[in-house]
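Here is the structure we will look at, set down as structure tokens.
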Amino acid sequence: MARPAADKVKRAAVIGTGTIGSAWTALFLARGMTVTAWDPAPDAAAKLDAQLAKIWPKMVALGLAKGRRPQRLAFVATPEEALADAQFVQENATENEALKIKLLARLDKAARPDAVIASSTSGLLPSRIARGMKNPERFLVAHPFNPPYLIPLVEILGGRKTDQRVLAWAMTFYAAIGKRPLLLRKEVPGFLANRLQDAIWVECVNLVARGVCSPEDIDVAIAEGPGLRWAAMGPFLTWHLTGGEGGMTATLKQFGMALGKWTTLKPPKLTPRVRRLLISGTKAEAAGRSVRELEAYRDACVGAFMATKARATRKAR
Ligand SMILES: NC(=O)c1ccc[n+]([C@@H]2O[C@H](COP(=O)([O-])OP(=O)(O)OC[C@H]3O[C@@H](n4cnc5c(N)ncnc54)[C@H](O)[C@@H]3O)[C@@H](O)[C@H]2O)c1
């Protein structure tokens, strides 16, 4: 049986229909797929229905779905039934390594030979949770950010035995349903975005615990400060602009010595190799755009975010 083209998937199975599974279900339905869902909790079918009733109008309001909620959803009694005809499987069970190992082995057994199986795990390593699978080459992690129907990022990560063609297929699949898939080069616990969140979280808790500020102060410091710039272009291009016309090379000259000056995390050494990686990577990302062009782009984004936030704040009052 041939695997369907990644942008032509028609039938998805969703396993585990809590917060993340229900949001994936809404997105797959909105993209015109038929969804078969399973979750062992006794009240799971009713909960999924209630979640969809909540999510769907929000998606319509945001322009992410059109019209009435489609009926192409079947909540079934076993994972085997859910997977019988599925071309793609998104697993979203409770975050527990032993549970996932057992469940993924069962899903692998039940899935069609051409089906791709993805796990939403937030930080478990794919090589470990695929240990019980007979066909680990068709398995990957596709880690979304809550809520997956809205936040674009999906971290894509293969295990030691994952077929590179399956990773390429998954990249196309998630892009085709409107996500921003990001392929990770190595298996590291927590992947990329949660490691970054964790680093900031450490400092947030540290500052509040030491009485330096309140939780609200931290939120203002991020949401009204660097968070606006990060949302436009991430930290690397932001620092590239810090260096003015000299870009990242100038930033490292000026601020390189200050790396880790204030944080509680142990900073890495800014060796010549690390400097080269930072400078060449940022240059590649800038892709020929000048500092002036990037500044104009950043300011347009930040201006738009601030106007949208002001409107949403007025509406919420
Ligand atoms: N909540 C988040 O912000 C978030 C973000 C990204 C990824 N994730 C990941 O998504 C997965 C699900 O998280 P969640 O927040 O939706 O949790 P949740 O508790 O809301 O939902 C988990 C669901 O799994 C079901 N379940 C339990 N055992 C199962 C089994 N053996 N087989 C199938 N389903 C089973 C539960 O009944 C429940 O409905 C986890 O791996 C988590 O790390 C969560």
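The values are calculated or read from the model by the stated rules, or taken from the named source; none is laboratory data. Remember, it's a predicted structure, so these values are computed and weren't measured experimentally. In this analysis, Cβ positions are derived from the backbone assuming ideal geometry, glycine residues included, and neighbour counts consider all displayed protein chains. For accessibility, only protein heavy atoms count, side chains too; no ligands or nucleic acids. Shrake-Rupley method; radii C 1.70, N 1.55, O 1.52, S 1.80 Å.
Of the residues making up the stretch 166-180, those that are over 14 Å from the mean Cα position of the chain (by Cα) and not aromatic (Phe, Trp, Tyr) number 5. One residue is enough: does the stretch 146-155 have a residue meeting the conditions of a type in the set (Phe, Trp, Tyr), in the same structural domain as Ala13 (by TED's automatic domain parsing) and either open to solvent by 40 Å² or more (accessible area, probe 1.4 Å) or closer than 21 Å to Ala45 by Cα (or both)? Yes, the conditions are met somewhere in the stretch 146-155. Restrict the check to the stretch 65-86 and report whether at least one residue is open to solvent by less than 20 Å² (accessible area, probe 1.4 Å), of a type in the set (A, V, I, L, M, F, W, C) and either part of a helix (DSSP H, G or I) or within 10 Å of the ligand (Cβ to nearest atom) (or both). Yes, the conditions are met somewhere in the stretch 65-86. Tallying residues that are crowded, with 20+ Cβ neighbours inside 10 Å, aliphatic (A, V, I, L, M) and either more than 8 Å from the ligand (Cβ to nearest atom) or part of a helix (DSSP H, G or I) (or both) within the stretch 88-109 yields 4. When Asn135 is tested against (1) polar (S, T, N, Q); (2) buried (at least 19 other Cβ atoms within 10 Å of the Cβ); (3) out of contact with any strand residue (DSSP E or B) (no Cβ under 7 Å at 6 or more places or on another chain), exactly one condition is not met: (2). The single condition among (1) within 16 Å of the ligand (Cβ to nearest atom); (2) assigned by TED's automatic domain parsing to the domain that holds Ser120 that Trp201 does not meet is (2).
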